[in-house]
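> Sharing a structure with you now.
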Amino acid sequence: MSTGNPAVEALGVAVAARVPVLLWGAPGTGKTSAIRAMAAVMGLPCETVIASIREPSDFAGLPIVVGDEVRFAPPAWARRLAEAGHGLLFLDELSTAPPAVQAALLRVVLERAVGDLTLPAAVAVVAAANPPEQAADGWDLSAPLANRLCHLAWQTDPRAVADGLAGGWSAPVVPALPDGWQAEELLARGLVAAFLHVRPGLACAPPSDAAAAGRGWPSPRTWEMAARLMAAAGACGASHEARSALIRGAVGDGAGVEFLAWLTEMDLPDPEQVLADPASFRLPDRGDRAYAALAAVAAAVAADPTPERWTAGWRVLGLAADAAPDVAAVAARVLARCRPAGLKDMPPEIHLFIPVLRDAGLLPT
């Protein structure tokens, strides 16, 4: 799935995965038009909320007294989305929202909570903003709000402008993710975990200056977001450029580029081939590659935990137990949590990890 514009393609993947996304671009470059056109093509109701002219109560809810308690009534736009059961919430001019409004938006963006109303999971959250120096009375985004969004740079392609003026503007394409695509997220999480074992300093690294903190930066939340976006991009066949834009948009350019470079040099064995022939598995010598390889095998089993695959996974861990006991123990906890229902015979390799599983409260009976 490639549109020729990585930012447009990445936007479609983020919306399909229901990850909140923010488009940064100069005024007049078609951000608002593209988002509204995308909602129209998808047949989704679109509620546009301009953050700069709203009050905190428009997002946190208007307090009203009902009997002996205070409730926070949601605004009309939130009720319409809740009644529709799906849709697109478009937060326009986000960089002109004052700090009090940004604070009220925190639960809206992350939890889809508006007052006492929770928006359906099928509601996508998309925002647009101009860089503060190009916005009318612009503000830097607060670090907590920025850390809840995937940041994409919206750039104007002169040829696309010419084609659009001549023949009409095309809407961004939102890919249809295949059933069960979330299983790939387990593998992506394993790869992120392996990388952070090598670069623990990037697990949480808030920038020190306000401008950088208002964009993407690494934290446990954004690494989880990056894993979900990486899985969605892989499931729909997105281009390498779009996948790169999504990962860097979640955790920032520095951490994102380093993670992508690490992925390129991994050259990991295919976990499905390993499960088909566990005896052929050879544990990589390098610690991070060993961790990533075993995490990939455990994630593949967890995505489809048949008795045969589960038993094969334990055989792989048994081969790795002597050379890398700590790494194998992490994967053992993953396998223990996805034990197939009704399985009676335990693989003999499980006995190598009894102390670890007992301490984690995962010892099979």
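> Does anyone have the angle between helix 158-167 and the longest principal axis of the chain? Alpha-carbon axes, 0 to 90°, nearest 10?
The answer is roughly 60 degrees.
> Something else now. Could you give the longest part of the chain that holds none of the trypsin sites (Lys or Arg not before Pro) found in DSSP loops with at most 14 neighbouring Cβ atoms within 10 Å?
1-281
> For the stretch 15-147, what does the alpha-carbon gyration tensor say about shape, rounded, prolate or oblate, given a ≥ b ≥ c as the root eigenvalues, a/c under 1.5 as rounded, and a/b over b/c as prolate?
In terms of gyration-tensor shape, oblate.
> Name the residue, out of Val65, Val126, Val301, whose mean-square fluctuation peaks in a Gaussian network model built on the chain with Cα pairs under 10 Å.
Among Val65, Val126, Val301, the largest GNM mean-square fluctuation belongs to Val65.
> Compare Ala292, Ala127, Ala323 in a GNM of the chain, Cα atoms joined below 10 Å, and give the one with the largest fluctuation.
Of Ala292, Ala127, Ala323, the most mobile in the Gaussian network model is Ala323.
> Indicate the gyration tensor shape class of the stretch 267-359 (rounded, prolate or oblate), computed on the Cα atoms with a ≥ b ≥ c the square roots of the eigenvalues: a/c under 1.5 is rounded; otherwise a/b larger than b/c is prolate and the rest oblate. Walk me through the numbers on the way to the answer.
Details: a/c = 1.73, a/b = 1.23, b/c = 1.40.
Oblate, since a/c reaches 1.5 and b/c is not below a/b.
> Read phi for every residue in the stretch 342-349 and hand back ³J(HN,Hα) as whole Hz from Karplus 6.51 cos²θ - 1.76 cosθ + 1.60, θ = phi - 60°, with x for Gly and Pro.
x, 6, 9, 7, 8, x, x, 5
> Return the single residue from Leu202, Leu145, Leu343 with maximal mean-square fluctuation; model: Gaussian network over the chain, springs between Cα atoms under 10 Å.
Leu343
> To the nearest whole percent, what portion of all C-alpha pairs in the chain is separated by more than 26 angstrom? Walk me through the numbers on the way to the answer.
Numbers: 37472 of 66430 pairs.
When every Cα pair of the chain is considered, 56 percent fall beyond 26 Å.
> Separate question: Pop a pseudo-label 7 angstrom from the Cα along the beta-carbon direction at both Glu83 and Lys344 and give the gap in nm to one decimal.
5.7
> Just how large is the dipole of the chain about the Cα centre, in debye to the nearest 20, putting +1 at every Lys and Arg Cβ and -1 at every Asp and Glu Cβ?
Values: 28 positive and 38 negative charges, 82 e Å.
The dipole of the chain has a size of about 400 debye.
> Helix 220-235 sits at what angle to the longest principal axis of the chain, using alpha carbons and giving 0 to 90 degrees rounded to 10?
80
> Further question: Only Lys, Arg, Asp and Glu count, each charged at its Cβ (+1, +1, -1, -1), so figure out the dipole size of the stretch 267-359 about its Cα centre, rounded to 20 debye.
320
> If you don't mind, there's one more thing I want to ask. In deg cm²/dmol, rounded to 500, what helix-only [θ] at 222 nm does the chain give when every DSSP H run of at least 4 residues adds -39500 (n - 2.57) and the total is split over its residues?
-15000 deg cm²/dmol
All of the numbers you see were taken from the coordinates with simple rules; none came from a lab. Note that the structure is predicted; figures quoted are calculated from it, not measured. With ideal geometry, Cβ positions are generated from the backbone for all residues, glycine too; neighbour counts draw on all protein chains shown.
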